[in-house]
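Participant: Starting off with a structure, shown below.
What follows draws every value from the coordinates through simple rules; no lab data is involved. As the structure is a prediction and not an experimental result, all values here were calculated from the model. Glycine also receives a Cβ, built like all others from the backbone with ideal geometry; neighbour counts cover every protein chain displayed.
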Amino acid sequence: MTLLATPAVGLYTCPREVPSVPAWLPEVVILARRFTQHGLLDALSTQVHVARGRAGLYEVIDFVAVLLGYAASGEATLEAFFDRLTPCAHPFMALFGRARLPHRAPLSRFLADVDAAGLAALRRLFHADLAQHGFAGPQMGGFLDQQGHRLVVFDVDGARQAARQRALATTGDLPAPRRRLAAVRAPGYIGRERGDVVRTRTTILRAHTQEWLGPFSSAGNGDYAGELEAACQAIAAYLAARGLGPSQALVRRDGLYGTTAVLARMQPYQRGFLLRGRDYHLPDHPSVQARLQHPCDLDVAHPETRVRREILDVGFLADWLDERPDQVLSYRVILTRRRAPEDRAPISVGQRRGASVYELFLTSQPATALPAATILDLPQQRGAFEQVLSDEDHEQDPDRWCSRTPLGQEFWPIVSQWAWNIRLELGSVALAPAPRWTTWEPAPAQTPRAAAPPPQAALAAQAPGVGELGATYGPLELAHPRAKARRRFSAQGFALRADDTLTCPAGRVLRPRERRKLDTGGPRVLYAAQAHDCRVCPLAARCLGRGAWGMQPRRVSGVRRLVGWQNPPAPVGDPAPRQARVEDSREGWGTRALQWCAVGGRRLRRELVALLRRQRVTITQPIAGPPRPPYAEEARRWARAERAHRRLSWASRLARNAQVADAPRYAAIVWGIVPSLAAYLSLPSTPAP
């Protein structure tokens with residue numbers, strides 16, 4: 001065996017350091033160009049302001065540039081990101097029109113100083129950019145029901161950020177422990193994550209395009225009801241920008257929002273909803289109990305576990321709104337029933353009742369548009385929310401801890417989701433995907449027949465406790481006097497007026513203040529007078545009773561009893577007006593196939609990232625010599641009063657780290673960019689001389 005005298009590869013070394021360009025730098029170049037082209041850099045510089053105590057060298061645009069690069073890089077930590085970015089820090093900041101790269105310490109102090117006004121301005125720019133440059137036209141996708149109506153599906157759900165806390169000694173000779181994340185986290189539901197405290201991030205996702213509409217976060221389990229209202233407002237702004245009506249939205253939610261109280265807060269926005277309910281007192285409703293006595297509508301088996309479930313479509317129920325007594329909240333109830341395990345194991349989903357396990361689903365869509373089986377499949381099939389959350393954690397991980405203040409911790413996920421949406425936008429331009437149509441369920445062969453409703457007489461005898469649409473109630477029956485209250489005016493001494501108010505013996509007016517649901521059928525109405533009327537009333541001693549004069553106004557209750565039923569009106573939140581029905585649905589039932597239209601969001605993002613990271617980026621500096629200082633007055637020593645925030649305007653602060661006109665200009669060449677993407681960004685296909 002002989003060795004080659006001349007090896008095929010000659011190996012040489014050099015002591016001079018030549019750092020490599022990060023693989024994610026081409027994507028940052030494209031992101032910076034996109035922000036510059038649409039005027040977002042100028043908008044960030046002039047509209048998003050964060051007032052800090054000292055006039056530092058860096059402004060909001062500097063830190064947004066760092067966070068954008070951090071989101072695109074996919075690095076595990078900020079420390080690893082800065083280590084890779086340091087060799088090309090000057091050209092990186094020059095892409096955004098800035099001179100110097102801020103360090104991690106100024107970034108941490110900036111996030112700690114973020115206020116509510118600055119965060120709201122950033123959120124407005126994020127929503128405005130999505131409304132103007134997001135998916136539009138056929139690429140928006142949608143879900144066509146059996147009547148041919150187009151629904152746009154949105155997912156509102158929360159993600160947990162878990163944090164582990166070290167065990168600290170709490171003896172008397174040691175100071176009290178101080179947690180750095182005390183303001184941003186709180187005890188809450190951990191789930192499968194390892195941690196001691198959590199922070200909840202509520203996100204809004206368009207299921208057809210996988211576009212984020214923004215996050216809302218708070219400590220612990222979060223204010224899910226208030227964040228749901230903020231999500232409804234974001235969805236309303238998005239639909240208005242796309243020229244869609246509010247009834248075309250279908251919001252999917254999990255069991256966290258599955259109560260009628262949460263639905264009542266969503267009622268003013270008139271959004272369609274689909275959720276897993278957790279108000280398991282509804283199966284005790286007489287209408288539901290009567291429906292359970294009839295055969296099920298459908299018997300299906302899970303494709304993997306083969307567990308069989310019976311589906312029972314109860315229909316629409318109605319609920320009085322305590323905040324607005326003149327309005328009624330309607331929702332369609334769907335129950336599933338399966339055999340309970342024999343080993344008495346705990347049930348994670350649903351409620352065990354005897355030998356069966358029941359699951360509850362609530363929706364605003366009528367059975368003429370979406371069958372009950374489709375309602376059960378929608379949260380788990382096309383566009384499932386959990387898979388997109390998993391992809392987000394794998395690609396960008398927006399739940400990482402970046403700040404010790406609540407607003408600073410919320411600043412980073414907005415920038416991260418902004419980069420996510422731009423990846424989708426640029427991926428659609430580079431790959432030009434066609435919308436994918438999937439037949440969810442074929443058109444019914446014959447007009448389906450509604451489930452047999454319970455007899456009207458039986459319903460009237462059982463007196464439902466929630467009250468259905470179409471129920472009629474008798475006159476108001478005021479409470480009868482009690483034996484201990486005969487010394488004061490009873491409720492029978494108050495007269496009912498035509499405007500549903502009461503008149504007391506002194507002539508004062510009592511108005512309805514609250515409605516409560518009763519187990520016997522109709523609602524109980526509570527009337528109350530004004531406190532001032534009772535304080536100055538000469539009959540207050542005989543009306544309020546001993547010891548209560550001047551403390552609380554007089555209250556009177558009455559009951560309206562169920563007397564009959566009528567045909568129920570159209571449910572609230574019907575996805576389309578009656579005149580928009582198709583011609584072939586004469587009896588109200590749709591005869592079209594259920595179809596789902598979407599674009600492959602994961603394919604768009606990952607193929608774009610793979611394409612850019614395979615390419616080479618060349619950065620050259622035509623002008624030789626070291627770069628000049630970016631700010632002329634940087635060399636002189638500043639006085640303390642000059643460095644104070646009140647002494648510098650926003651324009652002066654922005655100019656401190658701005659790229660000067662005579663600074664060295666870099667030339668960056670990104671190879672392998674498809675012509676369609678280069679034309680969309682108005683980039684020349686050959687480098688400028």
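Participant: Let me confirm something: among 110, 135, which residue is crowded, with 16+ Cβ neighbours inside 10 Å and closer than 18 Å to residue 214 by Cα?
Facilitator: 135
Participant: List, please: which pairs have Cβ atoms under 8 Å, are six or more places apart or on different chains, and start with a residue in region 339-354 that is of a type in the set (D, E, K, R) and end with one that is surrounded by fewer than 13 Cβ atoms within 10 Å (Cβ to Cβ)?
Facilitator: Sorted first by the residue in region 339-354, then by its partner, the pairs are 339/308; 339/355.
Participant: Another question about this same structure. Could you tell me how many of the residues in region 239-263 are outside any helix (DSSP H, G or I) and among the polar types (S, T, N, Q)?
Facilitator: Adding up the residues that qualify gives 1.
Participant: Another question about this same structure. Out of all the residues in region 155-192, which are surrounded by 14 or more Cβ atoms within 10 Å (Cβ to Cβ) and charged (D, E, K, R)?
Facilitator: 155, 157, 160, 179, 185
Participant: Still on this structure: Within region 292-301, is even one residue in contact (Cβ under 8 Å) with a residue 40 or more places away in the chain, part of a helix (DSSP H, G or I) and at negative phi?
Facilitator: yes
Participant: Still on this structure, please answer the following. Looking at region 94-107, is at least one residue within 30 Å of residue 187 (Cα to Cα) and touching a residue at least 40 places away in the same chain (Cβ under 8 Å)? I'd like the intermediate steps shown before the answer.
Facilitator: Residues of region 94-107 that are within 30 Å of residue 187 (Cα to Cα), as a first pass: 104-107.
Next, only the ones that are touching a residue at least 40 places away in the same chain (Cβ under 8 Å) stay: 106-107.
Taking every residue of region 94-107 in turn, at least one turns out to be within 30 Å of residue 187 (Cα to Cα) and touching a residue at least 40 places away in the same chain (Cβ under 8 Å).
Participant: Are there any pairs with C-beta distances below 7 angstrom linking a residue in region 523-534 that is free of Cβ contacts under 8 Å to residues at least 24 places away in the same chain and part of a strand (DSSP E or B) to a residue that is exposed (fewer than 15 other Cβ atoms within 10 Å of the Cβ) and of a type in the set (Ser, Thr, Tyr), with the two at least 6 apart or on different chains, and if so which?
Facilitator: Matching pairs, first to second residue: none at all.
Participant: Then there's this: For residue 236, work out the one condition from (1) surrounded by fewer than 21 Cβ atoms within 10 Å (Cβ to Cβ); (2) in contact with a helix residue (DSSP H, G or I) (Cβ under 8 Å, 6 or more places away or on another chain); (3) outside any helix (DSSP H, G or I); (4) not hydroxyl-bearing (Ser, Thr, Tyr) it doesn't fulfil.
Facilitator: Single failed check for residue 236: (3).
Participant: If the requirement is being in a loop (DSSP other than H, G, I, E, B) and surrounded by 22 or more Cβ atoms within 10 Å (Cβ to Cβ), which of these qualifies: 398, 346?
Facilitator: 398 is the lone residue from the list that is in a loop (DSSP other than H, G, I, E, B) and surrounded by 22 or more Cβ atoms within 10 Å (Cβ to Cβ).
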